[in-house]
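One structure is given below, encoded as structure tokens.
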Amino acid sequence: MADEDLSKLKIDKSVSPARMGRHRKLLYWVGALLVVVLTGFLYFQGVFSPAVQVEVFSVAKIYPSQAFTLLNASGYVVAQRKAAVASKVTGRLISLSVEEGSRVKKNEVIARMENEDALASRDQAEANLNVAHYNLEQVRAELQDATLSFNRYKDLLDKGFVAKADYDASEARYKKAIAAVAAAEAAVKANAAALQGAKVMIEYSLIRAPFDAVVLTKNADIGDIVTPIGASANAKAAVVTIADMSSLQVEADVSESNLRQIKVGQPCEIQLDALPDLRFRGVIHMIVPTADRSKATVMVKVRFIDNDQRILPEMSAKVAFLSRPTKPEEQKPLTALNPAALLTRNGKKAVFLIKGDQAVETPVTPGEQIGDMIEVLSGVNAGDKIVLKPLNKIKNGSKIKVLEK
């Protein structure tokens with residue numbers, strides 16, 4: 001058995017070493033050729049090619065009104081009717097029925113102050129008025145009796161049945177009754193006025209909304225001392241601050257040199273920084289007839305045509321002054337891009353859309369020219385980044401590097 005195992009270990013000399021070397025060289029050449037072919041393929045595919053530095057452009061949403069905008073200005077939304085609601089008398093706040101954001105109607109009670117003294121004064125004035133009415137009824141009855149007696153004595157005197165002294169006494173009583181009625185009527189008026197004054201004092205303790213509005217700030221709480229002067233350190237001058245939302249306007253500063261381009265009644269388009277995707281129709285309400293010498297500007301007030309609850313006072317705004325009103329179909333935003341980013345392939349338009357670190361050729365359907373932009377109907381969406389230049393140095397799938405500005 002051991003001899004058989006040793007016989008198997010004999011070297012087969014039928015395959016020569018030269019032939020084995022030729023096989024190895026052939027394998028080496030085939031492997032090298034495959035590496036060269038693969039490298040060339042990857043190079044032409046842009047894998048090993050250097051990244052091209054490019055400038056990019058973000059596809060944007062624009063409005064057709066940009067094509068007929070004469071002038072742009074910035075400003076703030078301001079309520080033209082605004083009030084710090086306070087009490088006319090000094091007192092302690094015992095009730096507050098509103099908070100920030102509450103909507104109030106004209107003459108609606110929004111707060112109450114302590115008014116026990118005013119209520120007592122009203123009750124006293126009512127009692128005094130009742131006494132005055134009773135006194136008036138009494139003296140009127142006295143006047144009626146004095147009148148009858150006087151007329152009777154007058155007839156008897158003409159017939160000589162009574163003495164002149166009795167007639168004179170009757171006449172004096174009659175005149176006194178007339179005077180008493182006049183005094184009683186005056187007392188009734190005086191007490192009625194006192195009662196009205198007491199009611200006014202009660203009304204002063206009720207703080208009402210002067211117009212339809214929205215509460216902007218709450219300046220006092222229950223238990224605070226409210227006074228119209230606010231001299232005390234702990235006293236509040238105003239309970240709430242309100243604004244009429246229907247009176248909101250944009251107050252924008254326009255350079256003096258551009259005043260010739262605008263006029264009262266001119267159509268405008270308003271964009272709020274808080275709502276960048278919306279445009280609101282507006283019209284010039286007033287050009288304030290004075291200039292700010294430090295800024296060389298004039299304030300222009302632009303009124304909103306359409307009310308929107310999302311519009312709030314003190315929001316920053318941009319105003320575009322238009323040469324004509326916008327049509328209904330021009331009030332919707334359009335997707336647009338820079339015409340310099342377009343290229344032509346086989347008679348069709350395309351752009352290089354940036355995906356990761358590559359530029360992907362993407363066909364698009366262009367629309368109408370809008371100012372210095374061109375509308376795009378399909379192919380890309382707002383916010384997409386596309387290559388602006390250099391278009392002649394890249395191709396589909398090229399690696400790119402965005403230039404930092």
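Which count do you get for residues in the stretch 181-212 that are of a type in the set (D, E, K, R), within 30 Å of residue 142 (Cβ to Cβ) and either in contact (Cβ under 8 Å) with a residue 12 or more places away in the chain or part of a loop (DSSP other than H, G, I, E, B) (or both)?
1
Taking into account only those residues within the stretch 368-394 that are surrounded by 14 or more Cβ atoms within 10 Å (Cβ to Cβ) and more than 34 Å from the chain's Cα centre (by Cα), which is farthest from residue 339 (Cα to Cα)?
The residue in question is 394.
Please work out which residue is nearest to residue 71 (Cα to Cα), limiting yourself to the stretch 319-364 and to residues that are among the small types (Gly, Ala, Ser) and at pLDDT below 85.
So the first thing to find is which residues in the stretch 319-364 are among the small types (Gly, Ala, Ser), and the list is 320, 323, 336, 340-341, 347, 350, 356, 359.
With the extra rule that they be at pLDDT below 85, the set shrinks to 340-341, 347, 356, 359.
Values: 340: 25, 341: 27, 347: 38, 356: 38, 359: 37 Å.
Going through the qualifying residues, I end up with 340.
Would you mind telling me which numbered condition in (1) surrounded by fewer than 19 Cβ atoms within 10 Å (Cβ to Cβ); (2) outside the structural domain of residue 238 (by TED's automatic domain parsing) residue 139 fails?
Among (1) surrounded by fewer than 19 Cβ atoms within 10 Å (Cβ to Cβ); (2) outside the structural domain of residue 238 (by TED's automatic domain parsing), the lone unmet condition for residue 139 is (1).
Restricting to the stretch 155-167, name every residue that is touching a Phe, Trp or Tyr at 6+ places or on another chain (Cβ under 9 Å) and part of a helix (DSSP H, G or I).
Answer for the stretch 155-167, where residues must be touching a Phe, Trp or Tyr at 6+ places or on another chain (Cβ under 9 Å) and part of a helix (DSSP H, G or I): 155, 156, 157, 166, 167.
Return yes or no: is residue 334 surrounded by 17 or more Cβ atoms within 10 Å (Cβ to Cβ), within 30 Å of residue 55 (Cβ to Cβ) and touching a Phe, Trp or Tyr at 6+ places or on another chain (Cβ under 8 Å)?
Judged against the criteria, residue 334 is a match.
Please list, ordered by first then second residue, the pairs with beta carbon atoms under 9 Å, 6 or more apart or interchain, first in the stretch 155-167 and surrounded by 10 or more Cβ atoms within 10 Å (Cβ to Cβ), second among the aromatic types (Phe, Trp, Tyr) and not in a helix (DSSP H, G or I).
Final answer for the pair search is 155/161.
Do we find that residue 121 is hydroxyl-bearing (Ser, Thr, Tyr), outside any strand (DSSP E or B), touching a residue at least 60 places away in the same chain (Cβ under 8 Å) and under 30 Å from residue 328 (Cα atoms) in this structure?
When the stated conditions are applied, residue 121 does not pass them.
Among the residues of the stretch 35-50, is there at least one that is of a type in the set (A, V, I, L, M) and either at pLDDT 75 or above or under 25 Å from the mean Cα position of the chain (by Cα) (or both)?
No, there is no match, as no residue in the stretch 35-50 is of a type in the set (A, V, I, L, M) and either at pLDDT 75 or above or under 25 Å from the mean Cα position of the chain (by Cα) (or both).
From (1) surrounded by 17 or more Cβ atoms within 10 Å (Cβ to Cβ); (2) touching a helix residue (DSSP H, G or I) at 6+ places or on another chain (Cβ under 9 Å), pick out the condition that doesn't hold for residue 93.
(2)
Evaluate the following for residue 339: is it under 30 Å from residue 54 (Cα atoms) and within 22 Å of the chain's Cα centre (by Cα)?
no
Looking for whichever is surrounded by 15 or more Cβ atoms within 10 Å (Cβ to Cβ) and either among the basic types (Lys, Arg) or over 30 Å from residue 129 (Cβ atoms) (or both) here; the options are 215, 264. Which one fits?
215
Listed residues 116, 100; which is touching a residue at least 24 places away in the same chain (Cβ under 8 Å), surrounded by fewer than 17 Cβ atoms within 10 Å (Cβ to Cβ) and of a type in the set (Asp, Glu)?
Working: 116 fails: touching a residue at least 24 places away in the same chain (Cβ under 8 Å).
Result of the check over 116, 100: 100.
Residue check: is residue 188 in contact with a Lys or Arg (Cβ under 8 Å, 6 or more places away or on another chain), surrounded by 15 or more Cβ atoms within 10 Å (Cβ to Cβ) and either among the β-branched types (Val, Ile, Thr) or on the phi > 0 side of the Ramachandran plot (or both)?
Answer is no for this residue.
The values are calculated or read from the model by the stated rules, or taken from the named source; none is laboratory data. Remember, it's a predicted structure, so these values are computed and weren't measured experimentally. Methodologically, a virtual Cβ is constructed for each residue, glycine included, from the backbone with ideal geometry; neighbour enumeration extends over all protein chains shown.
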